[in-house]
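Chemist: Mind having a look at this structure? Questions to follow.
The values are calculated or read from the model by the stated rules, or taken from the named source; none is laboratory data. What you see is a predicted model; the values in this text were computed from it and never measured. Heads up, the Cβs are rebuilt from the backbone with ideal geometry, glycines too, and the neighbour counts pull from every protein chain shown. When the accessible area is computed, the model is the full protein with side chains, heavy atoms only, and any ligands, DNA or RNA have been set aside. Shrake-Rupley method; radii C 1.70, N 1.55, O 1.52, S 1.80 Å.
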Amino acid sequence: MNDFHIEVSMAERPNDRAARPEAAVDPSAVLALRNISKRYPGVLALSDVDFTLYPGTVHAISGENGAGKSTLSKVLSGIIQPDAGRIFVDSQPVTIPTPTEARRLGISAVPQELSLVPDLSVAENIGVIALPSRGGFVSRRALRAQAEPVLHSLGLKIDPLSRLGDHSPGIQQLVMIGRSLVHQARVIILDEPTAALTEPEVRHLFEVVKRERETGTAFVLVSHRFQDLARLADTVTVLRDGCHIITSPMAELTHDDMVRAMVGRTVERFVHDAQVAPGADTEVKDGGSRPRLSVRHLSSAGKFDNVSFDVRPGEIVGLGGLLGAGRTEVARAVFGVDGFTSGEVFIDGEKARITSPRKAIKAGLMMVPEERKSQALVLSMSIRQNLTSTGTRRISRGGWLRPRKERDISLQLIQQLGIKATGPEVLVGTLSGGNQQKVVIGRCFLDDFSVYIFDEPTRGVDINAKFQIYRLINSLAKKGAGVLLISSELPELLAVADRILVMREGRLVADLPADTATEEQILSSAMV
Ligand SMILES: Nc1ncnc2c1ncn2[C@@H]1O[C@H](COP(=O)(O)OP(=O)(O)OP(=O)(O)O)[C@@H](O)[C@H]1O
Ligand SMILES: [Mg+2]
């Protein structure tokens with residue numbers, strides 16, 4: 001394989017060298033990029049990148065948040081145009097001006113943020129591009145007929161005419177792949193496909209990918225999860241700051257090699273500090289030994305039932321369970337996003353009447369939601385505006401915003417979280433997926449709250465930022481706050497939490513101390 005020597009290729013970053021002659025394209029490649037560059041205002045998102053994809057293989061693209069992975073995927077799928085470089089399909093130079101042209105060339109993409117229409121049926125989502133029409137009408141029979149074999153090949157036993165939004169993220173992800181199969185794609189791009197999936201769903205997805213690979217389909221897989229790459233990828237390419245760093249057979253790269261290639265150095269791992277002894281006096285004045293958060297007999301018809309737990313000052317309580325077990329639902333009810341049927345919530349010993357997130361924040365509760373785009377960010381506003389739009393106690397004085405203070409705090413958070421942007425005024429919509437997530441997390445550190453709820457805080461975030469987020473969560477607990485951490489990543493729960501609660505089908509079924517709990521233990525309580 002070409003240039004696998006990390007040191008060598010790091011020394012000669014494409015940025016530093018003069019125009020590089022175009023490398024020959026292997027005739028057996030289904031797709032090849034040569035000398036591809038893409039510039040955004042202030043950012044070189046791709047710099048002179050080569051990429052070669054062979055039929056019947058899974059080629060992973062890895063790298064930190066903002067490294068250029070999604071940009072590369074978008075170039076391939078006709079969503080954006082490169083400023084320089086050439087694209088070859090079957091050794092023939094092509095241009096991909098539109099997604100339609102990409103599909104005509106056999107390239108199909110499943111983007112980082114799902115782009116399905118939840119209110120339409122599964123079948124319509126699968127056939128959404130090639131709507132079978134007769135006299136201008138969409139025939140339901142035709143839809144069903146077109147969808148059924150596809151669902152079958154995806155191993156999905158669902159009604160093609162059911163509403164897509166009623167299915168889990170895992171099924172929705174598979175439906176997106178179904179769309180690619182309908183178009184008989186030869187190249188399928190998966191950008192962070194497992195971020196929202198449960199382990200059984202991941203396994204299912206990977207089975208489908210492996211079967212399609214057997215038939216010669218080539219996959220481009222973008223993922224931050226090393227275990228995804230280890231399980232599925234044949235080849236891996238690492239990008240850093242828009243530059244190609246290495247391409248190597250997956251089997252020849254260790255986890256440490258990859259991290260080094262991604263960040264250019266060895267990353268210091270997160271080590272869980274001894275927490276403030278739960279209940280002990282803390283730096284926070286009114287902490288005492290009262291729980292920061294007490295949830296009592298909380299029920300919501302059809303979602304969760306009789307949930308009770310405490311989070312004490314200085315404690316990080318993990319909440320594990322399968323997707324759909326009711327964890328997010330409980331968090332949303334506590335934070336006032338959704339109501340609940342019965343039960344009580346106490347913050348610092350006081351009964352809280354939380355009927356909206358605004359009231360929750362007022363009562364001392366802060367939450368980082370799971371779905372960043374729809375729930376948490378205004379894409380057309382700047383990083384600074386997004387950071388400071390909720391907690392502004394530290395910034396405002398007498399009700400007036402203090403712009404300089406806002407800017408300083410934003411700058412500090414940008415640095416702390418390693419948000420890749422040229423400054424606080426950059427629009428959030430132009431950030432990469434992982435960097436948007438960091439902005440959502442950043443909001444929590446604007447103000448002192450009694451209780452923080454994090455719902456999948458590190459989803460889609462690179463390894464460096466992951467450890468940084470763990471440290472920040474840890475520092476909140478050290479200051480005496482109570483933290484509830486919802487996570488589907490068991491190593492994360494075990495590393496960060498003091499205690500792990502497990503939910504199954506809307507009920508709390510286990511309460512395990514993190515220092516003795518094991519992944520197997522959590523999993524076996526989470527599954528029936
Ligand atoms: N529309 C845009 N306008 C301006 N800058 C952009 C735009 N899209 C991407 N960028 C910038 O290009 C760089 C690469 O972004 P890209 O989305 O490719 O990263 P990524 O590797 O997919 O990261 P992540 O892991 O966070 O998804 C980032 O610095 C990003 O801010
Ligand atoms: Mg991305």
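Chemist: Report, in whole Å, the centroid distance computed from the Cα atoms of the stretch 405-452 and the stretch 46-116.
Modeler: Cα centroid of the stretch 405-452 versus Cα centroid of the stretch 46-116: 29 Å apart.
Chemist: Another question, then. Mind putting a number on the dipole of the chain about its Cα centre? Charges go on the C-beta only, +1 for Lys and Arg and -1 for Asp and Glu, and I need it in Debye to the nearest 20. Write down the numbers at each step before the final one.
Modeler: Working: 63 positive and 62 negative charges, 350 e Å.
The dipole of the chain has a size of about 1680 debye.
Chemist: So, one more: Let me check I've understood the local charge: for ARG163, count other residues with C-beta under 15 angstrom from its C-beta, Lys and Arg +1, Asp and Glu -1. What total comes out?
Modeler: On the way: positive: ARG140, ARG144; negative: ASP119, GLU124, ASP159, ASP166.
Local net charge: -2.
Chemist: Could I ask something else about it? Cβ neighbours within 10 Å, averaged per peptide: list 299-309, 468-478 in order, most packed at the top.
Modeler: Highest to lowest by the protection proxy: 468-478, 299-309.
Chemist: Would you mind computing Rg(Cα) / (2.2 N^0.38 Å) for the stretch 381-528, counting N as its residues?
Modeler: Rounded to two decimals, the normalised Rg is 1.18.
Chemist: For SER308 and ARG86, calculate 0.36 nm times their separation in residues minus their Cα-Cα distance, and state this gained length in nm to one decimal. Mind showing how you got there, number by number?
Modeler: Numbers: separation 222, 0.36 × 222 = 79.92 nm, distance 5.91 nm.
Length gained, SER308 through ARG86: 74.0 nm.
Chemist: Gain in length, GLU199 to ARG296, computed as 0.36 nm per residue apart minus the alpha-carbon separation, to one decimal in nm? Working shown, then result.
Modeler: Numbers: separation 97, 0.36 × 97 = 34.92 nm, distance 3.01 nm.
Extra length from GLU199 to ARG296 when fully extended: 31.9 nm.
Chemist: Moving to a separate point now. Taking Cα pairs under 8 Å and at least six residues apart, what relative contact order does the chain come out at, in percent? Mind showing how you got there, number by number?
Modeler: Numbers: 1095 pairs, mean separation 81.2, N = 528.
Computed over the chain, the figure is 15 percent.
Chemist: Counting C-alpha atoms alone, how compact is the chain: give Rg to one decimal and Dmax as a whole number, in angstrom.
Modeler: That works out to 24.1, 74 Å for Rg and Dmax.
Chemist: Which pairs break 28 Å Cα to Cα here: LYS351/LYS479; LYS157/LYS210; LYS69/LYS478?
Modeler: From the list (LYS351/LYS479; LYS157/LYS210; LYS69/LYS478), the Cα-Cα distance tops 28 Å for LYS69/LYS478.
Chemist: Within the chain, which complete DSSP H helices have Cα atoms spanning at least 18 Å along the helix axis and a mean Kyte-Doolittle hydropathy of 0.5 or higher? Don't skip to the answer; put the middle values down first.
Modeler: Working: long enough: 140-153 (20 Å, -0.64); 169-182 (20 Å, 0.87); 199-214 (22 Å, -1.28); 403-416 (20 Å, -1.16); 463-478 (22 Å, 0.16).
Those that clear 18 Å and a mean of 0.5 are 169-182.
Chemist: Using only Cα atoms, locate the centre of the stretch 186-213 and the centre of the stretch 466-528, then give the distance between them in Å, rounded to an integer.
Modeler: Going from one Cα centre to the other spans 26 Å.
Chemist: How much of the calculated P(r) for the stretch 461-502 lies past 11 Å, in percent of all Cα pairs?
Modeler: Details: 570 of 861 pairs.
Counting pairs separated by more than 11 Å, the tail of P(r) holds 66 percent.
Chemist: Using Cα positions and a limit of under 18 Å, work out the lysines in reach of LYS74, with same-chain residues fewer than 8 apart set aside.
Modeler: LYS38
Chemist: To continue, here is another question. Computing the accessible area with a 1.4 Å probe over protein heavy atoms, can you report the carbon and sulfur percentage for the chain?
Modeler: On the way: 11750 of 22840 Å².
Heavy-atom surface of the chain belonging to carbon and sulfur, 1.4 Å probe: 51 percent.
Chemist: For every helix of n ≥ 4 consecutive DSSP H residues, a contribution of -39,500 (n - 2.57) applies; sum these over the chain, divide by its total residues, and give [θ] at 222 nm rounded to the nearest 500 deg cm²/dmol. Could the numbers behind the result be given before it?
Modeler: On the way: 18 runs with 164 residues, N = 528.
My calculation for the chain gives -9000 deg cm²/dmol from helical runs alone.
Chemist: Go through SER475, GLY506, PRO457 and say which Cα lies farthest out towards the positive end of the charge dipole of the stretch 449-507; charges sit on Cβ, +1 for Lys and Arg, -1 for Asp and Glu.
Modeler: Selected residue: SER475.
Chemist: Continuing with the same structure: Within 14 Å, Cβ to Cβ, of VAL307, how many net charges do the neighbouring residues add up to if Lys/Arg are +1 and Asp/Glu are -1? All intermediate terms of the calculation are to be shown ahead of the outcome.
Modeler: On the way: positive: ARG296, LYS303, ARG327, ARG332, ARG504, ARG507; negative: ASP305, ASP310, GLU329, ASP338, GLU344, GLU505, ASP511.
Surrounding charge for VAL307 is -1.
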